[in-house]
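Trainee: I'd like to ask some things about the structure below.
The values are calculated or read from the model by the stated rules, or taken from the named source; none is laboratory data. Note that the coordinates shown come from a computational prediction; the quantities given were computed from them, not determined experimentally. Cβ placement follows ideal geometry from the backbone for every residue including glycine, while neighbour counts extend to all protein chains displayed. Heavy atoms of the whole protein, side chains included, go into the accessibility calculation; ligands, DNA and RNA do not. Shrake-Rupley method; radii C 1.70, N 1.55, O 1.52, S 1.80 Å.
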Amino acid sequence: TAETFALPLLPARGEITDRNGLVLASTQPAVAVTADPTLTAPRAAEFAGVLAGHLAMSPSELMPLLTKSGTRFVYLKKKVPALTYSALAADLSKRDLHGVFRESDPIRTYPNGSAGASVVGFVGADGKGLAGLERTLNAQLAGIEGKETYESAPNGSKIPLGQSSITPARNGLSFQLTLDSEVQWVAERRLAEQVDKTRADSGFAIVMDVKTGQLIALANAPSYDSSRPQAAKSEDRGNRAVSAPYEPGSVQKVLTSAALIDSGTVTPSTRVVIPSRLASGGGSIKDHFSHGVLHYTMRGVLADSSNIGTALLTRQLDKQKLHDYLVSFGLGSKTNIQLPGESAGIIPKPDMTDGQRDQVAFGQAIAVTGIQEAAAIAGIVNGGIYNSPTVIKKATDGGGAEVALPRAPQRRIISEKSSAQVRELMQAVIDSPNGQRNLKLDRYTTGGKTGTAQRADTKCGCYRGYVTSFVGFAPLDDPQILTYVVISNPRNGDSGTVTAAPVYRDIMNIALPRYSVAPDARPHRPLPTKW
């Protein structure tokens, strides 16, 4: 008697490529080889003899499966290349052996291994995404399963003129990322070297197109190989730049300065008298360098990264206003970048204490993610226009037609004039008489900011070690590329200048010419930092 069988028709999983079309994740056709023991048991030894050669299994492994009682379905082997199965099927057919079948069981491959692994992610044995974009875009990449039904004869073969129907599968979408594998590879290699050299716990580097919010690179160290995720520790299989909030330290002074200038509270030339210590919240604030009374302009406060000067200036700004600026810069909420596990970070409420306002001003008592901070600073230097960060350039369907993607609109966060003044402050960090001359780029004008913050240690519920960082952009007057490097808990070196900045310089010196940014290095007169 005829039986009706239903077979799933599996869609092809979409590809993931970089911005230049280089394949980062693709699918190779493969099958799971199955058997119906009611058909294979009578001639099990013959079946085993043929199968063993093709499936690299021994007859002693195959015999119990081929003779299993009480079932009409067993898996013999999964992830068998399609060509191997074709040869096997021909061999069985030649010997008139019927009862071995196949199911689509494609193999996901990652030709570039670790390049972009923390963004691309990986799939599990069942082909479902477990990390990175493979996880967040799983439904779109996977497509929609189809179905074939047909009548079969007792020996398992399809009855040629029997009833049958097909609902075709819909293949998954393919995604082209904004990542550039070349810059990604450089960022990953330099970052890994520096994490190793500074004996740090971890680090990340973000390279962003200032004009669009597109990420050119997003590197993590330690990282992993998407082809062998099980070889890495579980904590190294995520993306720290998105999911691990931290206190940003002095890099946050860029955001504070933007709020102070845009609100009309200060200008780059505002004068401030800086004592050696400042009473705050039952304790006192000090600077990273010992000093007596200093007379600085706001330029000097940022160039020398004075916590005391920043706190004194920020005391002139209403707390509600400070809070509102932080919210407009994107802190305290997710950026909605398409990666899993994104944290919103933490910002204090508008009714923060005076002591909290002092700390927030220079990047403590606040938690951000790397992606939030990079996007905020890119918006501040980009004429005041914020772009939501993204790693996806475009999507195409199974037929190659482009699929519309939701995009957050650009928004203004500070005025164009304020943006130019913040860029001037960040230039002073590098170019002022007491600036960090070793942070200059080879052929480009630039602005930047170092950061060193105490590191909150969840194990002891205390501060232990530091988070060091450097953010910079170029060219100065028309920023194109921003790079933000963060090193967590370095044991060799405790400043962003020593730990993070060398990675920033190497990445920028490669990325800027690669994107045809015209060199504009020029001599100029540093603006006054003291009075």
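Trainee: Of all residues in the stretch 83-114 being modelled with pLDDT of 90 or more and part of a loop (DSSP other than H, G, I, E, B), which is surrounded by the most Cβ atoms within 10 Å (Cβ to Cβ)?
Mentor: By that ranking, first place goes to TYR110.
A quick yes/no check of all residues on (1) at pLDDT 95 or above; (2) touching a Gly at 6+ places or on another chain (Cβ under 7 Å); (3) closer than 24 Å to LYS394 by Cα:
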{"position": "ALA142", "(1), (2), (3)": "no, yes, yes"}
{"position": "GLU148", "(1), (2), (3)": "no, no, no"}
{"position": "SER157", "(1), (2), (3)": "no, no, no"}
{"position": "GLY203", "(1), (2), (3)": "yes, no, no"}
{"position": "GLY213", "(1), (2), (3)": "yes, no, yes"}
{"position": "ALA221", "(1), (2), (3)": "yes, yes, no"}
{"position": "GLU235", "(1), (2), (3)": "no, no, no"}
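Trainee: While we're here: Go through the residues of the stretch 366-380 one by one and say whether even a single one is crowded, with 19+ Cβ neighbours inside 10 Å, among the hydroxyl-bearing types (Ser, Thr, Tyr) and in a loop (DSSP other than H, G, I, E, B).
Mentor: yes
Trainee: Among the residues of the stretch 234-246, how many are touching a strand residue (DSSP E or B) at 6+ places or on another chain (Cβ under 7 Å) and crowded, with 21+ Cβ neighbours inside 10 Å?
Mentor: The total comes to 5.
Trainee: For the stretch 247-279, give me the residue count where each residue is in contact (Cβ under 8 Å) with a residue 40 or more places away in the chain and within 37 Å of the chain's Cα centre (by Cα). It would help to see each step written out before you state the result.
Mentor: Our first condition is that a residue be in contact (Cβ under 8 Å) with a residue 40 or more places away in the chain; within the stretch 247-279, this holds for 247-263, 265-272, 278.
Next, from what is left, pick out any that are within 37 Å of the chain's Cα centre (by Cα): 247-263, 265-268.
Summing the residues that are in contact (Cβ under 8 Å) with a residue 40 or more places away in the chain and within 37 Å of the chain's Cα centre (by Cα) in the stretch 247-279 gives 21.
Trainee: Condition check: open to solvent by 10 Å² or more (accessible area, probe 1.4 Å), in contact (Cβ under 8 Å) with a residue 24 or more places away in the chain and of a type in the set (Gly, Ala, Ser). Does SER516 satisfy that? Spell out how you get there, then give the answer.
Mentor: On the way: open to solvent by 10 Å² or more (accessible area, probe 1.4 Å): yes; in contact (Cβ under 8 Å) with a residue 24 or more places away in the chain: no; of a type in the set (Gly, Ala, Ser): yes.
No: the conditions fail for SER516.
Trainee: Just for the stretch 396-433: of the residues that are in a loop (DSSP other than H, G, I, E, B), among the polar types (S, T, N, Q) and out of contact with any strand residue (DSSP E or B) (no Cβ under 7 Å at 6 or more places or on another chain), which one is modelled with the lowest pLDDT? If you could, list the steps in order and put the result at the bottom.
Mentor: Within the stretch 396-433, the first condition is being in a loop (DSSP other than H, G, I, E, B), and the residues that meet it are 397-401, 404-410, 413-415, 432-433.
Narrowing further to those that are among the polar types (S, T, N, Q): 410, 415, 432.
Of the ones still in play, those that are also out of contact with any strand residue (DSSP E or B) (no Cβ under 7 Å at 6 or more places or on another chain) are 415, 432.
Values: SER415: 98, SER432: 69.
Of everything passing the filter in the stretch 396-433, SER432 is modelled with the lowest pLDDT.
Trainee: Under 7 Å by Cβ, and 6 or more places apart or on different chains, what pairs join a residue from the stretch 281-293 that is closer than 23 Å to VAL360 by Cβ and in contact (Cβ under 8 Å) with a residue 24 or more places away in the chain with one that is aliphatic (A, V, I, L, M) and surrounded by 14 or more Cβ atoms within 10 Å (Cβ to Cβ)?
Mentor: As it stands, the answer is ILE285/LEU278; ILE285/ILE308; ILE285/ALA311, since those pairs meet every condition given.
Trainee: Next question. Does SER305 fit the bill of being touching a residue at least 40 places away in the same chain (Cβ under 8 Å), assigned to a loop (DSSP other than H, G, I, E, B) and either open to solvent by 30 Å² or more (accessible area, probe 1.4 Å) or in contact with a helix residue (DSSP H, G or I) (Cβ under 9 Å, 6 or more places away or on another chain) (or both)?
Mentor: Considered against the rule, which asks whether it is touching a residue at least 40 places away in the same chain (Cβ under 8 Å), assigned to a loop (DSSP other than H, G, I, E, B) and either open to solvent by 30 Å² or more (accessible area, probe 1.4 Å) or in contact with a helix residue (DSSP H, G or I) (Cβ under 9 Å, 6 or more places away or on another chain) (or both), SER305 comes out as yes.
Trainee: Tally time: how many residues in the stretch 325-339 are of a type in the set (A, V, I, L, M, F, W, C), under 15 Å from ILE385 (Cα atoms) and not in a helix (DSSP H, G or I)?
Mentor: Number of matching residues: 1.
Trainee: Take the stretch 267-278 and flag every residue that is open to solvent by less than 10 Å² (accessible area, probe 1.4 Å) and part of a loop (DSSP other than H, G, I, E, B).
Mentor: Listed by number, the list holds a single entry, PRO268.
Trainee: If you don't mind, another one. Please determine whether any residue of the stretch 164-183 is of a type in the set (A, V, I, L, M), modelled with pLDDT under 95 and open to solvent by less than 30 Å² (accessible area, probe 1.4 Å).
Mentor: Within the stretch 164-183 (the criterion being of a type in the set (A, V, I, L, M), modelled with pLDDT under 95 and open to solvent by less than 30 Å² (accessible area, probe 1.4 Å)), the answer is no, since none of the residues qualifies.
Trainee: Kindly indicate the residue of the stretch 193-211 that is part of a helix (DSSP H, G or I) and open to solvent by 50 Å² or more (accessible area, probe 1.4 Å) and also nearest to SER181 (Cα to Cα) among those meeting that condition. So that I can check it myself, show each step before the final result.
Mentor: The first filter runs over the stretch 193-211 and keeps only residues part of a helix (DSSP H, G or I), leaving 193-197.
From the residues that got through so far, the ones that are open to solvent by 50 Å² or more (accessible area, probe 1.4 Å) too are 193, 196-197.
Details: GLU193: 18, ASP196: 22, LYS197: 24 Å.
Residue satisfying both the conditions and the ranking: GLU193.
Trainee: Considering only the stretch 334-357, I want to know if a residue exists there that is of a type outside the set (Ser, Thr, Tyr), in contact with a Leu (Cβ under 7 Å, 6 or more places away or on another chain), free of Cβ contacts under 8 Å to residues at least 60 places away in the same chain and buried (at least 23 other Cβ atoms within 10 Å of the Cβ).
Mentor: So far as the stretch 334-357 goes, no, none of its residues is of a type outside the set (Ser, Thr, Tyr), in contact with a Leu (Cβ under 7 Å, 6 or more places away or on another chain), free of Cβ contacts under 8 Å to residues at least 60 places away in the same chain and buried (at least 23 other Cβ atoms within 10 Å of the Cβ).
Trainee: Starting from the stretch 45-60, take each residue that is within 13 Å of VAL80 (Cα to Cα) and list its partners that are open to solvent by 50 Å² or more (accessible area, probe 1.4 Å) and of a type in the set (D, E, K, R), counting only C-beta distances under 7 angstrom and pairs at least six apart or across chains.
Mentor: Sorted first by the residue in the stretch 45-60, then by its partner, the pairs are LEU55/LYS77; MET57/LYS77.
Trainee: Moving on to the next point. How do the pairs read when you match residues in the stretch 201-218 that are more than 18 Å from GLY379 (Cβ to Cβ) with residues anywhere that are of a type in the set (Val, Ile, Thr) and open to solvent by 10 Å² or more (accessible area, probe 1.4 Å), using Cβ under 7 Å and keeping only pairs 6 or more apart or on different chains?
Mentor: These pairs meet every condition: SER202/VAL195; GLY203/VAL195.
Trainee: Here's another thing I want to ask about it. Is it true that ARG491 is touching a residue at least 40 places away in the same chain (Cβ under 8 Å), open to solvent by 70 Å² or more (accessible area, probe 1.4 Å), in a loop (DSSP other than H, G, I, E, B) and more than 27 Å from SER306 (Cα to Cα)?
Mentor: No: the conditions fail for ARG491.
Trainee: On to the next question. Can you name the residue in the stretch 115-130 that is open to solvent by 10 Å² or more (accessible area, probe 1.4 Å) and hydrophobic (A, V, I, L, M, F, W, C) and, of all such residues, is farthest from ALA32 (Cα to Cα)?
Mentor: Of everything passing the filter in the stretch 115-130, ALA115 is farthest from ALA32 (Cα to Cα).
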